[in-house]
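In what follows, a single structure is set out as structure tokens and then discussed.
Values in this text are rule-based calculations from the coordinates and carry no lab data. Note that the structure is predicted; figures quoted are calculated from it, not measured. Cβ placement follows ideal geometry from the backbone for every residue including glycine, while neighbour counts extend to all protein chains displayed.
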């Protein structure tokens with residue numbers, strides 16, 4: 001379908017900013033970035049493309065119906081890529097209310113604005129970006145999540161995203177809204193807020209702080225480089241079947257402890273003069289968080305076969321790029337450390 005202008009919600013966040021950069025650099029699409037600028041957002045992530053004439057920024061809350069109606073009335077988009085969300089599991093355990101408000105009420109608000117707007121623009125498309133955590137977890141020998149896997153969310157975060165997924169499907173089925181969904185595995189790469197595992201470990205190691213790993217670190221995650229994900233999302237938006245769901249994964253399953261050791265190895269190589277070499281000595285095991293899912297794994301065959309997308313980065317190439325980026329961009333992450341001191345939330349105290 002032809003898309004000339006797209007609204008990206010959460011475009012100053014981690015994945016959202018990667019999508020904005022991709023759209024401006026690799027396509028002819030005009031982009032309207034709608035972001036509330038909560039603690040995890042950073043307009044610095046958009047600076048490389050912010051001066052482009054095809055880019056516009058609107059500071060607004062997706063739960064604000066009037067503000068969202070104004071965005072649609074003023075900019076007349078052809079599609080929305082909905083990425084705005086509260087996303088950190090630990091925070092959802094400590095305070096679930098913001099997750100219910102943003103992830104569920106915010107999605108409902110956007111769906112209603114989109115439903116009414118689509119009456120005058122019937123080709124309008126709503127792309128809802130979600131997570132593999134809605135499926136719950138897997139045992140080591142289980143087959144990877146497909147798009148038909150039942151929902152069994154474990155955390156308040158996952159439950160809020162599962163709820164928003166169901167709302168999107170209901171608006172497509174009941175009102176005929178042109179919707180498409182995608183569920184991704186764990187993202188990593190540049191511009192990720194330091195509370196997440198990979199930047200947390202990288203920055204803590206640089207500063208000689210402990211590297212916290214929940215339990216024994218046996219939790220398995222499938223790691224997806226964020227630029228690969230941005231590419232996939234545009235394929236889903238442009239060519240995905242209406243009403244369909246596409247799982248997006250990196251085919252890079254690793255135990256958390258193995259991931260941390262890989263990061264330490266790259267830091268040892270890239271910062272051999274650090275007083276903390278070997279950085280692996282900083283690893284500290286902490287009590288596991290409640291309801292911690294044991295394994296995620298995505299079967300991304302559908303998006304490969306239907307849309308021709310496959311990840312380009314291996315876990316080693318992507319992790320190396322990520323570590324190098326954090327080493328070379330302290331001006332990006334140091335101000336964020338003032339908002340977040342580097343501890344893991346949700347730990348037993």
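The table below gives the values:
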quantity: Residues of the range 36-66 classified as more than 17 Å from residue 189 (Cα to Cα), exposed (fewer than 14 other Cβ atoms within 10 Å of the Cβ) and free of Cβ contacts under 8 Å to residues at least 24 places away in the same chain, total; calculated: 3
quantity: Any chance residue 205 is within 28 Å of residue 137 (Cβ to Cβ), touching a residue at least 60 places away in the same chain (Cβ under 8 Å), assigned to a helix (DSSP H, G or I) and over 22 Å from the mean Cα position of the chain (by Cα); calculated: yes
quantity: Matching option when the condition is crowded, with 19+ Cβ neighbours inside 10 Å, within 13 Å of the chain's Cα centre (by Cα) and closer than 30 Å to residue 165 by Cβ, among 259, 224, 200, 237; calculated: 224
quantity: Identity of the residue in the range 111-134, in contact (Cβ under 8 Å) with a residue 60 or more places away in the chain and in contact with a strand residue (DSSP E or B) (Cβ under 6 Å, 6 or more places away or on another chain), that ends up farthest from residue 255 (Cα to Cα); calculated: 114
quantity: Of all residues making up the range 296-329, the number that are exposed (fewer than 13 other Cβ atoms within 10 Å of the Cβ) and either in a helix (DSSP H, G or I) or in contact with a strand residue (DSSP E or B) (Cβ under 7 Å, 6 or more places away or on another chain) (or both); calculated: 4
quantity: Residue count for the range 47-77, restricted to those that are assigned to a helix (DSSP H, G or I) and touching a helix residue (DSSP H, G or I) at 6+ places or on another chain (Cβ under 9 Å); calculated: 6
quantity: Subset of the range 23-46 [in contact with a strand residue (DSSP E or B) (Cβ under 8 Å, 6 or more places away or on another chain) and part of a helix (DSSP H, G or I)]; calculated: 23, 24, 43, 46
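Quick grid of which residues meet (1) touching a helix residue (DSSP H, G or I) at 6+ places or on another chain (Cβ under 8 Å); (2) more than 25 Å from residue 99 (Cβ to Cβ):
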| site | (1), (2) |
| --- | --- |
| 147 | yes, no |
| 172 | no, no |
| 177 | yes, no |
| 182 | yes, no |
| 189 | yes, no |
| 195 | yes, no |
| 200 | no, no |
| 216 | yes, yes |
| 224 | no, no |
